[in-house]
């Protein structure tokens with residue numbers, strides 16, 4: 001019974017990943033896929049704001065069975081996005097907007113944002129971002145497969161993104 005529950009959780013996570021990635025899969029010329037790992041909990045969406053608009057998008061945090069890392073997987077129109085806020089509990093919103101708290105998304109690209117480590121315990125809330133291309137190999141299989149035969153854009157926080165062609169990534173294990 002325990003194994004069946006774990007399988008159902010995994011299938012639900014895979015379905016959720018596919019759902020948030022579907023616009024990218026169907027229309028890559030109009031969307032990029034933003035992917036990052038984080039220490040945020042399952043029920044805490046990260047809210048981002050698209051530069052030049054008042055549009056905010058809540059990126060759900062996904063978990064995979066047996067894994068304590070959260071994953072952000074969201075198809076987004078190309079542009080610059082600022083980390084806006086997260087909700088620690090359903091009624092408490094924590095603002096995170098800073099001038100260098102942004103990442104770029106390029107169309108038709110697997111935009112890898114790295115690992116976001118949010119200091120959740122004490123105000124003022126802070127966060128750090130580390131990005132290493134090799135970390136893509138450690139993403140859960142359903143997320144990694146979305147990078148197969150795609151260009152990868154390194155979307156580190158606070159830096160302009162860098163596009164790498166799929167030919168340059170042949171040594172990575174997707």
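The values are calculated or read from the model by the stated rules, or taken from the named source; none is laboratory data. Just so it is clear, the structure is predicted and the values come from calculations on it, not from any experiment. Quick reminder, even Gly has a Cβ in these numbers, built from the backbone with ideal geometry, and neighbours come from all protein chains shown.
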In segment 44-68, anything in a loop (DSSP other than H, G, I, E, B), more than 16 Å from residue 101 (Cα to Cα) and touching a residue at least 40 places away in the same chain (Cβ under 8 Å) is listed as 44, 45, 60, 63, 64, 65, 66, 67
**Message:** Looking at the structure I just gave you, is residue 45 surrounded by 13 or more Cβ atoms within 10 Å (Cβ to Cβ), in contact with a strand residue (DSSP E or B) (Cβ under 6 Å, 6 or more places away or on another chain) and either modelled with pLDDT of 95 or more or closer than 21 Å to residue 130 by Cα (or both)?
**Reply:** yes
Residue 137 fails exactly one of (1) within 18 Å of residue 32 (Cα to Cα); (2) at pLDDT below 90, namely (1)
Residue check for residue 115: modelled with pLDDT under 85 and farther than 22 Å from residue 28 by Cβ: no
Q) residue 76: surrounded by 13 or more Cβ atoms within 10 Å (Cβ to Cβ), out of contact with any helix residue (DSSP H, G or I) (no Cβ under 9 Å at 6 or more places or on another chain) and over 17 Å from residue 142 (Cα atoms), yes or no? A) no
Filtering segment 53-70 down to residues that are under 26 Å from residue 151 (Cα atoms), at pLDDT 90 or above and out of contact with any strand residue (DSSP E or B) (no Cβ under 6 Å at 6 or more places or on another chain) yields 60
Selection from segment 18-42 of residues assigned to a loop (DSSP other than H, G, I, E, B), more than 12 Å from the chain's Cα centre (by Cα) and crowded, with 18+ Cβ neighbours inside 10 Å yields 31
